[in-house]
Amino acid sequence: MTSRVTVPRGPRPSPSVPPSPGTARARRAARPAWSGRFPRSARALALAGVAVALGAVTACGAPASAGAPVTLEEIAARTGCTAPQMQVDADELRQGVCKTGRGQYSVTTFATEAGKRDWLDDALPYGGAYLVGARWIVLGNTPQMLEPFRETLGGTITTGGHGAPSGEAAQHGTPTGRHPAP
C-alpha cells in the first residue's frame, strides 16, 4: 500500500525569521509593490511598439546619402558612361574607366569607408582631381572636369599633388593636404 503525500499549492507562508541582508529573498522583500518592473508580455509589447515607431521615423526621413548611387554601374550611368571598362573587380573595391564627351575618368567604389580613405590617402600624392562621395570616388584630370559630376552625384572635389623635391607630397586641396572627411 502506498501513501500519498499532499503538497500544499500556492504561496509559501512567510517565515517568522526575517531574511538575512544581501540575499535575493531580502532584496525581493525590500522591493516595493510597484518596483518599475513590467510583466514579460508588457515589456515585449512595449519593445514592439518602440520598434514600429522607430521604423516609421526612419522610413519617413531621407537616408544619409539621399539618392546617392551605390554601384559602379549606377555612378557611371549618372555621369553619362553607359559601359565602363572594368579594371578591378574585387571584394574590397571595383574600378572602371569611362570615356565620354567630357573626357576619360575612372569610377571606383569601395566595400568600406575606411577602404576608400586608405585608397585616397595613397592616390592623392599622384595628382589629379577626386570627386569623393560615400564609398565611391570619381577620378578626373581637373576639378572643372568633375564639377558637372558633382552637381549630379554630390560629393566633394579634392585635388592631389605631385611629390615635392623632398619627396613629400605637395600640399594641395585642403590646408592640411588631406582630403576632407565626408
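Read-outs: derived from the displayed coordinates by stated rules, not from any lab. Treat the numbers as computed from the prediction; the structure is a model and nothing was measured. In this analysis, Cβ positions are derived from the backbone assuming ideal geometry, glycine residues included, and neighbour counts consider all displayed protein chains.
Which length gain, in nm to one decimal place, applies between Ala114 and Thr152 when the Cα-Cα distance is subtracted from 0.36 nm times their residue separation?
Working: separation 38, 0.36 × 38 = 13.68 nm, distance 2.41 nm.
Contour length minus Cα-Cα distance gives 11.3 nm.
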message: Given R₀ = 22 Å, what would the calculated FRET efficiency be for Asp121 paired with Val88, taking r from the Cβ atoms and rounding to 0.05?
response: 0.80
- line: Counting all Cα-Cα pairs in the range 72-160, those more than 20 Å apart amount in percent to 24 percent
statement: Residue by residue through the range 152-158, the couplings from Karplus 6.51 cos²θ - 1.76 cosθ + 1.60 with θ = phi - 60°, in Hz, x for Gly and Pro, are 7, 9, x, x, 10, 8, 10
- line: Interchain or sequence-distant (5+) residues whose placed amide H lies within less than 5 Å of the amide H of Gly154 are none
- request: Tabulate in residue order the Karplus-calculated ³J(HN,Hα) for the range 135-143, using 6.51 cos²θ - 1.76 cosθ + 1.60 with θ = phi - 60°, rounded to whole Hz; enter x for Gly and Pro.
  value: 6, 8, 9, 10, 9, x, 7, 9, x
